[in-house]
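What follows is a single structure, written as structure tokens, with notes after it.
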Ligand code: UDX
């Protein structure tokens with residue numbers, strides 16, 4: 001089997017990762033970009049964005065002469081046999097996918113096809129709603145080439161399913177390849193190519209028509225987004241019940257062979273460049289077709305509420321107003337191992353906090369520059385810390401938004417030493433149970449509220465006493481322990497343990513709450 005020469009039109013996550021992986025598997029790959037900067041960066045052996053393992057692979061394949069970036073599409077097409085359209089399809093205000101780049105690329109391929117004598121294959125790789133390849137891409141290819149699809153050139157639609165942060169791994173080891181074909185010859189050509197890329201024979205190739213292939217992509221992403229909204233809603237229910245832990249519940253749910261627990265991690269909601277965009281696009285596509293997509297709408301609204309829910313818990317733990325409270329956000333990227341901030345839950349959380357006049361300080365191992373320059377610009381006032389320690393210093397509360405590994409290693413001692421009060425809202429459940437018990441206060445997503453926090457007035461009084469420097473954290477904790485073991489009011493326990501004089505407490509309560517307390 002001769003190896004086809006490959007062109008990848010688009011150098012984003014999808015395009016460049018595929019280009020580097022195919023080049024690494026022995027193909028000659030040209031990747032085209034409209035940006036001279038990007039072309040230069042890639043040809044220097046670097047990826048223009050951060051993605052785990054990608055820099056190394058680009059460096060290796062560029063050095064070996066297998067991968068080259070070119071400016072403009074014509075050169076890439078004229079020197080290749082199969083071309084992947086891997087350009088972005090961002091959301092328009094209406095929720096529909098913006099097809100501008102798809103159309104431009106299809107027209108450019110059409111023009112170059114005019115000059116080609118040999119049969120070649122065009123593959124749509126971008127995420128596009130069902131019917132786009134047949135009704136938009138093919139007519140443009142035919143119009144600009146003066147040739148006939150299915151006769152002079154082939155067309156397939158083959159979506160990709162890579163996850164950011166593990167894009168190189170996912171593209172190197174896909175669970176399957178979907179081949180949506182215009183005709184058998186096009187499908188055969190793509191299947192042959194896939195067999196050369198994945199010669200071990202353990203990647204099934206599923207052949208279908210182009211519309212079904214387009215729908216598979218939306219099907220997978222909306223199904224996964226639905227799982228996440230489902231588990232976030234379940235976790236909100238679980239949080240009301242003391243002692244319940246949604247992460248334990250998921251182990252039980254997932255033990256049913258019909259249910260895969262992989263995407264049932266409760267958290268701060270889904271973000272990124274795909275789930276939010278694809279749910280929106282399918283909603284808007286369904287409506288245009290006259291179908292009311294009620295389930296998908298709920299998936300979206302549950303996701304939006306999750307950020308508000310995290311802020312509501314924060315407010316509870318801080319006993320009321322957020323105004324002037326210093327809130328440390330650990331994690332900004334929409335998920336770990338990437339600097340991507342697109343639709344990141346941190347933006348929504350920061351917005352809620354800012355609108356309630358909290359002072360926000362944030363730290364992320366990779367995404368701070370991107371957040372500062374492109375996402376959280378003039379709209380929100382936010383301070384950026386250069387380390388976890390600086391971020392936590394003197395904070396009233398910490399919210400863990402992204403599950404970076406370094407946050408998993410944090411101990412109660414670090415929080416207690418640095419923060420004003422070690423109050424932690426764990427939006428990704430990264431703090432180990434033994435550490436969380438030592439914190440002044442801990443709330444984890446999907447974790448039934450512990451008994452002591454069921455009594456906000458008690459905590460509120462305790463915190464106010466600490467703020468007034470009448471007791472310290474340790475003394476409040478001991479009084480709470482005493483209350484759990486033997487009952488009794490918190491004030492009475494503080495007095496019993498010798499931490500506070502009765503008269504001081506009574507004066508404080510009458511001063512703070514305007515109550516005249518009877519001794
Ligand atoms: C997703 C799809 O997984 C991938 O197949 C598709 O090609 C592109 O979209 P990606 O956006 O890179 O990939 O990340 P993914 O790991 O799927 O996470 C998306 C969002 O969902 C993140 O914000 C993540 O934190 C959240 N998530 C994921 C959860 O909240 N819980 C989970 O159990 C899984």
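The values are calculated or read from the model by the stated rules, or taken from the named source; none is laboratory data. Remember, predicted model here, so these are calculated numbers, not experimental data. Glycine also receives a Cβ, built like all others from the backbone with ideal geometry; neighbour counts cover every protein chain displayed.
Contact list please: Cβ distance under 6 Å, first residue in the range 219-238 and without any contact (Cβ under 8 Å) to a residue 60 or more places away in the chain and under 17 Å from residue 305 (Cα atoms), second residue in a helix (DSSP H, G or I) and near the ligand (Cβ under 7 Å from one of its atoms), pairs at least six apart or on different chains.
227/263
Pull out all pairs, ordered by first then second residue, where Cβ-Cβ is under 8 Å, the residues are six or more apart or on different chains, the first lies in the range 166-177 and is farther than 14 Å from residue 52 by Cβ, and the second is assigned to a helix (DSSP H, G or I) and within 10 Å of the ligand (Cβ to nearest atom).
Close Cβ pairs (under 8 Å, with a partner that is assigned to a helix (DSSP H, G or I) and within 10 Å of the ligand (Cβ to nearest atom)) do not exist here.
Tell me the residue from 3, 46 that is under 23 Å from residue 118 (Cα atoms), surrounded by fewer than 16 Cβ atoms within 10 Å (Cβ to Cβ) and in contact (Cβ under 8 Å) with a residue 12 or more places away in the chain, please.
Every option except 3 fails the conditions.
Which of the residues that make up the range 327-355 are within 12 Å of the ligand (Cβ to nearest atom), over 18 Å from residue 13 (Cα atoms) and not in a loop (DSSP other than H, G, I, E, B)?
Scanning the range 327-355 gives 345, 346, 347, 348.
Just for the range 162-202: of the residues that are at pLDDT below 95 and over 23 Å from residue 26 (Cβ atoms), which one is farthest from the ligand (Cβ to nearest atom)?
165
Residue 267 - would you say it is within 15 Å of the ligand (Cβ to nearest atom), in a loop (DSSP other than H, G, I, E, B) and closer than 18 Å to residue 161 by Cα?
no
Starting from the range 193-211, take each residue that is loosely packed, with under 15 Cβ neighbours inside 10 Å and list its partners that are modelled with pLDDT of 95 or more, counting only C-beta distances under 7 angstrom and pairs at least six apart or across chains.
Hits for this filter: 204/176; 206/176; 206/178; 206/179.
Suppose the filter is surrounded by 19 or more Cβ atoms within 10 Å (Cβ to Cβ) and away from the ligand (no atom under 16 Å from the Cβ); does residue 358 pass it?
Yes, satisfied.
Need pairs with beta-carbon distance below 6 Å; first residue without any contact (Cβ under 8 Å) to a residue 60 or more places away in the chain and within the range 314-329, second assigned to a helix (DSSP H, G or I); sequence gap 6+ or separate chains.
That search, which allows pairs on different chains as well, returns 322/315.
Might you check whether a residue that is in a loop (DSSP other than H, G, I, E, B) and within 16 Å of the ligand (Cβ to nearest atom) occurs anywhere in the range 381-401?
Yes: the range 381-401 contains one or more residues that are in a loop (DSSP other than H, G, I, E, B) and within 16 Å of the ligand (Cβ to nearest atom).
So which of 324, 320, 290, 243 ends up being away from the ligand (no atom under 16 Å from the Cβ), surrounded by fewer than 21 Cβ atoms within 10 Å (Cβ to Cβ), modelled with pLDDT of 95 or more and in a loop (DSSP other than H, G, I, E, B)?
290
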